[in-house]
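Working notes for the structure below.
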Amino acid sequence: MKLLHSFLKDLRLAYRTYYVYMELGIALLVVAVLIFVMPENFNRSAKAWLHVADASLPAAAIEKALGEDGLDIGRVATGAELRERLEEDRSAIGFDLRLEDGRPKLVFVLQGYESASLRASLETSVEAAFSRALPGYRASTVTTTLRSRDATLSDRVNVLPVFLAMNAAFMGLFIIASYIFLDKSEGAVKAFAVSPAKVWHYLAGKMGVVAVTGLASGLLTVALVAGADAQYPLFVVLLLATNAFGSAVGLFIASFFDDLSSAMGWVFGSVALLGLAAVSYYLPSFSPLAVRLLPSYPMLFAFRETLLAAPDAGLVWANVGGYSAGALVLFLLAERQYRRRMTA
Amino acid sequence: MKRIYAVLRRDLMSGLRDFMVAFVLVMPFILALALRLIVPGVGAALFRAAVLEDQRGGVGAWLETYAPVESAKDRAALEARVLRTDDVFGVIENADGGHEIVRQGNEAGGGEALALLLDARTNADFESPVAVGVEDVGWKMSPLKLEGGNFLLVFLTVFGGMLIALGMVEEKMSNTLSAVNVSPIRRAEFVAGKATLGFLAPAVSSVGVILILGFEGIDLGMAAVTVLCTAAISVLIGFTIGLASTDPIAAVAGMKTVFLPVFASVFGAIFLSEKWQALLWWSPHYWSYRTMRSILLGEASWAQVGTSAAIILGITALGFLALAPKIRRGMK
């Protein structure tokens, strides 16, 4: 009852300030950018330049094959011109088709930053692609798919997990310290110490306000961008668990400081660190252990699942359990710290 | 001048004590270091693979030429590894010399290349009808380093504004702002003292970012002009938000709102096609991003840097004209 009272009072006070409306405004702005500025899917066709050194070479077949791989092919007259084009456009690649010892040779002309593994993969796999249609070549690799389901999102919807994690789930990480220190500076915290309610009622009330705001911001964004395809019950449960975790991290960090300025450096530092997981989210073949250990890493993939037509509900529930447990532990640690320091 | 320095010194000392200034100065260095560490790994391979422990020396060793490889003790462990969140393909060598790829089903790519590679291993003696080779034009800077470094250099200018906004709120809350009005320091000197930190922090951080990411060959003068001009708009925004906010919550929310146009300007400049770029001409951070990109690529001219600086300062001046009455009111 006291918790409910504390939560409702904080909610009333929060909705009298700009902050909540700013968060909703940010969500609407993100929606506007995603819908009106960002294309549903990016055009991924990379520019490529082809130089054919000898008229006897099967240039048309090569050009057709490269076009089927999604490359936008342009022809150049000389090898020097090919290199010039690559120097003008650092995202382009080149192909030099020549005769070497009487045998056609396709040379990938890259920029130069590409790794040795990538170069070796290109050489071996493209040679295999040329060979596989020939008699005597044994295509013996079989593929077993463990979970066959449609797990693709449009590029536009694929942005949502990053926004949901960094803005809706970790909203408390940004703002809860401000709430606490504002109350402290106004003396409200000391007044609370002589009230019948407990410290955890006060802290949980603040977390409740952040949860309502995070949920409103998250639902608004998902409803307007992903529409009916999202799995709303799963999404709401996940957002509440991750938002509680974000707030508990914010409370825990803030519990070590006496004023907002001191805490903000650590808060912004944590947000920047957590944001690194977005690199692995967009490039799943790059996932070093250090990134996988960040709490934001599984969160991004769990939010992604809630936006799919056929989600892996087990993965989402595992995340809900993990973040709820994490939130509880951090909340208890922060509460103990606040009990000692907050009323000092 | 002495009084401006006194305001700057006080802000610097109190900020360092509170860790906020230290954070603003140190954070870009940490982000640059993180970027430097991840640049070689991102895009280094087309896929990642896991093999059975007893095949580590066989197909595992062979695959290491092409991608990072890890091992699992048996098939169940291999499948469990494949089913984890990231993209890893399981590879098993069969008794007949062929291979099996175990995939989860939601991988972003790399499966086809892996199948071709494994077929190539099985057909090691088969001569391809077309030889394939790889050459390059000697450009060693990866797109991630270029775009990431550029984003960092543009984004760190916002940190200076953030310092000013939080500092102004604190002044208001401790009533020192009204005390300034009755002290010998002129209002312009107070503002100049506060603003200096907003230019100083990005200037120091940008030098660190340039050195850490290995951009030291670029024209530092051009980079300095671009960073300082971009910092001007952040300083203006910092003052406006700080003076308009009655508490730190509003200041934090205000700065968070500023992140959005900065992100939109940079990502819009990267991803929007040329015909849509005009949508971003209003943003100083868009001009800053485009100019800094040319500087990092070694393609910028002073004419380009000067034009861009004039546009950024012009937009800042328009912003100042619009916001000056609000700032003046807030200072009272």
- How large is the Kirkwood hydrodynamic radius of chain B, in angstrom, based on all distinct alpha carbon pairs? 23.5
- Quantify how strongly other chains surround peptide B:227-235 by giving the mean number of their Cβ atoms within 10 Å of each of its Cβ atoms. 0
- Note on the structure: Assertion target for A:Arg138, B:Arg36, ordered by fewest C-beta neighbours within 10 angstrom first, is A:Arg138, B:Arg36
- Query: Can you give the relative contact order of chain A as a percent, counting alpha carbon pairs under 8 Å and 6+ residues apart?
  - Reply: 21
- Query: Fewest to most neighbouring Cβ within 10 Å: what's the order for B:Asp87, B:Asp136?
  - Reply: B:Asp136, B:Asp87
- Query: Any idea what the relative contact order of the stretch A:140-249 is, in percent, if you count C-alpha pairs under 8 Å spaced at least 6 apart?
  - Reply: 47
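Suppose only helical runs count, i.e. DSSP H with n ≥ 4. What mean residue ellipticity at 222 nm does that imply for chain A under -39500 (n - 2.57) per run, divided by all residues and rounded to the nearest 500 deg cm²/dmol?
-19500 deg cm²/dmol
For peptide B:40-53, compute the average count of partner chain beta-carbon atoms within 10 Å of each residue's beta-carbon.
Mean partner shielding for this stretch: 4.
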- Message: Let me spell out the model: positive unit charges on the Cβ of Lys and Arg, negative unit charges on the Cβ of Asp and Glu, origin at the Cα centre of the stretch B:49-122. What dipole size does that give, in debye rounded to 20?
- Response: 120
- So for the protein assembly as shown: antiparallel DSSP bridges make up what percent, rounded to the nearest 5? 30
- Taking the alpha-carbon centre of each part, the distance from the stretch A:52-101 to the stretch A:201-247 in Å is 51
- Message: If you average the alpha carbon positions of the stretch B:190-245 and of the stretch B:263-288, how far apart do those two centres end up, in angstrom?
- Response: 20
- Query: Dipole of the stretch B:199-312 (Lys/Arg Cβ +1, Asp/Glu Cβ -1, origin at the Cα centre): which of B:Ser283, B:Thr226, B:Trp302 lies farthest to the positive side?
  - Reply: B:Ser283
- Note on the structure: Given unit charges at Cβ for Lys, Arg (+) and Asp, Glu (-), the dipole magnitude of the protein assembly as shown about its Cα centre in debye, nearest 20, is 3800
- Note on the structure: If one builds a Gaussian network model of chain A from Cα atoms under 10 Å apart, the most fluctuating residue listed among A:Phe130, A:Phe163, A:Phe252 is A:Phe130
- Mean ellipticity per residue at 222 nm, deg cm²/dmol - from DSSP H runs of n ≥ 4 across chain B, formula -39500 (n - 2.57): -21500 deg cm²/dmol
- Mind checking A:172-182 for the average number of partner chain beta-carbons within 10 Å of each residue's beta-carbon? 3
- With a Förster distance of 60 angstrom and the Cβ-Cβ distance between B:Ala95 and B:Ile270, calculated FRET efficiency to the nearest 0.05 equals 0.75
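Between B:Leu211 and A:Leu24, what is the FRET efficiency for a Förster distance of 51 Å, r being their Cβ-Cβ separation, to the nearest 0.05?
0.80
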- Length released on extending from A:Ile35 to A:Lys64, taking residue separation times 0.36 nm less the Cα-Cα span: 7.0 nm
- Hey, in the GNM for chain A with a 10 angstrom Cα cutoff, which one of A:Ala254, A:Ala168, A:Ala65 fluctuates hardest? A:Ala65
- Task: Mind putting together the pair-distance distribution for the stretch B:49-122? All Cα pairs, 5 Å bins, whole percent per bin, short to long.
- Result: 3, 18, 31, 28, 16, 3, 0
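Let me know the volume per residue of the alpha-carbon convex hull for the stretch B:139-250, in Å³.
Working: hull volume 12.0 nm³, N = 112.
Enclosed volume per residue, from the Cα hull, is 107 Å³.
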- Message: Output the 0 to 90 degree angle, nearest 10, between the alpha-carbon long axis of helix B:220-244 and the longest principal axis computed from the alpha carbons of chain B.
- Response: 60
- With R₀ set to 22 angstrom, the calculated FRET efficiency between the beta-carbons of B:Ala203 and B:Ser183, to the nearest 0.05, is 0.20
- Task: Return the ratio Rg/(2.2 N^0.38 Å) for the stretch A:47-131, where Rg is computed over Cα atoms only.
- Result: 1.05
- Say we join alpha carbon atoms closer than 10 Å with springs in a Gaussian network model of chain B; which of B:Ala95, B:Ala232, B:Ala264 then has the biggest fluctuation? B:Ala95
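Multiply the residue gap between A:Leu273 and A:Gln337 by 0.36 nm, knock off their C-alpha separation, and tell me the result in nm, one decimal place. Let's see the in-between values first.
Numbers: separation 64, 0.36 × 64 = 23.04 nm, distance 2.41 nm.
Result for the pair: 20.6 nm of gain on full extension.
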- Query: Given chain A, what count of lysine pairs have C-alpha atoms under 28 Å apart, with each pair 8 or more places apart or on different chains?
  - Reply: 16
- Message: Treating only the Cβ of Lys, Arg, Asp and Glu as charged (+1, +1, -1, -1), what charge dipole size does chain B show about its Cα centre? Round to the nearest 20 debye.
- Response: 2860
- Task: Answer with one residue from A:Gly112, A:Ala139, A:Gly94: the one whose Cα lies farthest towards the positive end of the charge dipole of the stretch A:66-150, charges on Cβ with Lys, Arg +1 and Asp, Glu -1.
- Result: A:Ala139
- Message: Once you place label points 7 Å from the Cα toward the Cβ at B:Ala108 and B:Lys73, how far apart are they in nm?
- Response: 3.2
- Listing B:His285, A:His5, A:His201 by rising number of other beta-carbon atoms within 10 angstrom, fewest first, gives A:His5, A:His201, B:His285
- Message: Just want the answer: with Cβ charges of +1 for Lys and Arg and -1 for Asp and Glu, which residue in B:Thr240, B:Gly217, B:Leu146 is farthest toward the dipole's positive end in the stretch B:122-270?
- Response: B:Thr240
- Report relative contact order for the stretch B:49-122 in percent, whole number only (criteria: Cα-Cα under 8 Å, sequence separation at least 6). 27
- So what is Rg over Rh here for the protein assembly as shown, counting just Cα atoms and using Kirkwood for Rh? 1.01
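Just so you know, all these numbers are worked out from the coordinates, no wet-lab data involved. Remember, predicted model here, so these are calculated numbers, not experimental data. Positions of Cβ are generated from backbone atoms using ideal geometry, with glycine treated the same way; all protein chains shown enter the neighbour counts.
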